[in-house]
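A.B. asks: Sharing a structure here in structure tokens format.
The values are calculated or read from the model by the stated rules, or taken from the named source; none is laboratory data. All figures in this text were calculated on a predicted structure; none of them were measured in a lab. Please note: Cβ atoms are built from the backbone with ideal geometry, for glycine as well, and neighbour counts cover all protein chains shown. Surface areas here come from the heavy atoms of the whole protein model, side chains and all, with no ligands, DNA or RNA. Shrake-Rupley method; radii C 1.70, N 1.55, O 1.52, S 1.80 Å.
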Amino acid sequence: MPEVYMMHGLVALVAILSAWIHKMLVHSGGMISLTGDVGLYIFSGVLAYSLVMMAGWITRKIVFLQAMKQYFSRFINHEWSVWLHRLNVVGVVVIFFHVQLIGYISRLNGFMDLFDGFSFIVIGYYFFYKWIQPHLDISAQLIGRTEIGDNIQELTVQLPPKYRWHAGDWLFIRFPHYKELREAHPFSIVNLPDETGRLKLAIRGDGDFTRYLKTLSPEIEGIHVKLTRPFGQYHQFLKQHHEDQPLIIVAGGIGITPFISIAQMAVQRQQPVTFLYSTKHEKDAIYLDELTKFNQSDIYFKHQVGRFSDTQIVDMMQKNGIYLLAGPHAMTKYWRNFLKNRGVADSSIYFEPFEW
């Protein structure tokens with residue numbers, strides 16, 4: 001998903017830069033100029049907002065932008081960000097009319113057929129995605145919510161029959177009957193499918209959506225939820241390698257979530273696993289009791305407060321091993337480079353970042 005966001009962002013940057021060059025080189029007046037300017041200002045404004053509030057790869061590198069993001073986050077929640085982002089639709093419509101008003105372009109029949117057709121396809125897909133696709137999401141029931149760590153809660157969802165997922169998968173979840181929770185958010189799935197038909201999500205309260213989840217009381221009343229189909233590539237990565245290859249997992253903080261089910265899967269197929277889990281504080285650790293039970297002949301589990309040292313990771317490296325990483329961006333980036341610098345092939349390392 002981050003790769004898709006990156007591609008989306010780069011295409012937007014090129015398009016808006018081209019539009020500004022077009023504005024400087026080609027002069028017009030009246031409604032042609034007005035519609036062009038309005039569309040360009042909308043796109044530029046949304047882009048500027050997105051670069052500060054929604055593009056983590058920039059704010060991580062520029063301290064001033066990070067401070068701006070933290071300041072404005074106190075006043076603008078995620079739902080507001082989504083609605084502001086939808087101004088892009090207004091911009092598309094305005095630019096559509098802008099092109100129709102340019103006489104020498106509107107007389108190019110072949111180009112206009114292509115332009116109009118593509119515009120209607122894009123707008124049509126957007127309306128399908130916003131008004132029809134939500135009705136196709138899977139209906140389920142939230143039946144449990146438990147505090148399992150400092151600012152971390154576990155949601156238990158009762159699923160309809162035949163809903164299945166793979167180890168390490170994630171999904172989008174939303175609560176259509178709660179105003180603050182109507183926008184879909186992605187979270188990793190904790191457990192493997194079983195006969196109970198229940199799915200568990202471990203969620204840290206970082207944003208307004210996750211914090212509002214604390215107000216839900218599923219034990220008092222049934223709460224209707226909507227789920228997408230599961231996503232994720234951890235299982236595809238593992239399928240590309242032999243089950244006898246040693247699996248080394250390095251997880252930090254809430255990044256441990258997708259690896260619970262992967263550890264369960266490894267137990268089932270008796271795959272040798274080394275599982276390293278670090279947290280900033282002892283109170284941040286989750287599922288320690290369950291993970292400690294995995295300490296058997298085929299699985300070695302170790303938790304510690306504070307990051308693992310280079311020497312500890314080197315000691316755990318194994319010939320022909322495959323590596324799964326998850327946690328804070330700086331941590332996964334560091335260990336990926338560390339492993340590659342010590343001869344581990346890029347094809348033997350995998351992680352799924354959840355921010356652009």
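A.B. asks: Of the listed peptides 62-69, 18-25, 169-176, what is their order by residue-averaged count of other C-beta atoms within 10 Å, with the highest listed first? Let's see the in-between values first.
C.D. replies: Details: 62-69: 13.2, 18-25: 11.0, 169-176: 20.0.
In descending order of packing, they fall as 169-176, 62-69, 18-25.
A.B. asks: Something else now. Angle, helix 329-341 long axis vs. longest principal axis of the chain, Cα atoms, 0 to 90°, nearest 10?
C.D. replies: 70
A.B. asks: Can you give the local net charge around S261? Use residues other than it whose beta-carbon is closer than 10 angstrom to its beta-carbon, Lys and Arg +1, Asp and Glu -1.
C.D. replies: Net charge in that neighbourhood comes out at 0.
A.B. asks: Taking the chain as a Gaussian network, where each spring joins two C-alpha atoms under 10 Å apart, which residue of R229, R269, R307 fluctuates the most?
C.D. replies: Top of the fluctuation ranking is R269.
A.B. asks: Just to be sure I follow: if Rg is taken over the C-alpha atoms of region 1-107 and Rh is the Kirkwood radius over the same atoms, what is Rg/Rh? All intermediate terms of the calculation are to be shown ahead of the outcome.
C.D. replies: Numbers: Rg = 16.1 Å, Rh = 15.4 Å.
Rounded to two decimals, Rg over Rh is 1.04.
A.B. asks: Let me ask another. Could you tell me how many degrees, from 0 to 90 and to the nearest 10, lie between the Cα long axis of helix 109-127 and the main elongation axis, the longest principal axis, of the Cα atoms of the chain?
C.D. replies: Taking the Cα atoms of the chain, the angle to 109-127 is about 40 degrees.
A.B. asks: Just to confirm my numbers, what's the Cα centroid distance between region 240-278 and region 108-182 in Å?
C.D. replies: 28
A.B. asks: Mind giving me the FRET efficiency for R182 and D310? R0 is 51 Å, r the Cβ-Cβ distance, nearest 0.05 is fine.
C.D. replies: Details: r = 45 Å, r/R0 = 0.89.
Efficiency for this residue pair is about 0.65.
A.B. asks: Going down the table (K200/K302; K200/K319; K200/K283; K61/K319; K162/K280; K214/K302), which pairs top 27 Å between alpha carbons?
C.D. replies: Details: K200/K302 23 Å; K200/K319 34 Å; K200/K283 20 Å; K61/K319 35 Å; K162/K280 39 Å; K214/K302 30 Å.
Result: K200/K319; K61/K319; K162/K280; K214/K302 exceed 27 Å.
A.B. asks: Quick one: net charge of E195's neighbours, Cβ under 14 Å, K/R +1, D/E -1?
C.D. replies: On the way: positive: K162, R164, R198; negative: D194.
Result for the neighbourhood of E195: +2.
A.B. asks: Calculated FRET efficiency, V267 and H224, Cβ-Cβ r, R0 41 Å, to nearest 0.05? Write down the numbers at each step before the final one.
C.D. replies: Working: r = 34 Å, r/R0 = 0.83.
Taking R0 as 41 Å, the efficiency between V267 and H224 is 0.75.
A.B. asks: Among (1) 1.03; (2) 1.15; (3) 0.99, find the value of Rg/Rh (Cα atoms, Kirkwood Rh) that was calculated from the structure presented, and write down its label.
C.D. replies: (1)
A.B. asks: Near L227, within a Cβ-to-Cβ distance under 9 Å, what is the net charge of the other residues, with Lys and Arg +1 and Asp and Glu -1?
C.D. replies: On the way: positive: R174, K226, R229; negative: D137.
For residues surrounding L227, the net value is +2.
A.B. asks: Could you tell me what percent of the accessible area of region 235-280 is made up of carbon and sulfur, with a 1.4 Å probe and every protein chain present?
C.D. replies: Values: 730 of 1610 Å².
It is 45 percent, rounded to a whole number.
A.B. asks: Label-point separation (nm) for N295 and R211, each offset 7 Å from Cα along Cα-to-Cβ?
C.D. replies: 3.8
A.B. asks: For the chain, set up a Gaussian network in which alpha carbons nearer than 10 Å are linked by springs, and say which option among Y104, Y163, Y212 fluctuates the most.
C.D. replies: Looking only at Y104, Y163, Y212, the biggest GNM fluctuation is shown by Y104.
A.B. asks: I would also like to ask the following. Please label the shape of region 227-319 as rounded, prolate or oblate, based on the square roots a ≥ b ≥ c of the eigenvalues of the alpha-carbon gyration tensor (a/c under 1.5 means rounded; beyond that, a/b larger than b/c means prolate, else oblate). Provide the component values of the computation, followed by the final result.
C.D. replies: On the way: a/c = 1.58, a/b = 1.16, b/c = 1.36.
Here region 227-319 falls in the oblate category.
A.B. asks: Moving on. Based on DSSP H runs of at least 4 residues, each adding -39500 (n - 2.57), what is the mean residue ellipticity at 222 nm of the chain after dividing by all its residues, to the nearest 500 deg cm²/dmol? Could you put the intermediate results ahead of the total?
C.D. replies: Working: 15 runs with 161 residues, N = 356.
Mean residue ellipticity, 222 nm, calculated: -13500 deg cm²/dmol.
A.B. asks: Assigning unit charges at the beta carbon (Lys, Arg +1; Asp, Glu -1) and nothing else, what dipole magnitude in debye, to the nearest 20, does the chain show about its Cα centre?
C.D. replies: Numbers: 33 positive and 30 negative charges, 102 e Å.
Here the chain has a charge dipole of around 500 debye.
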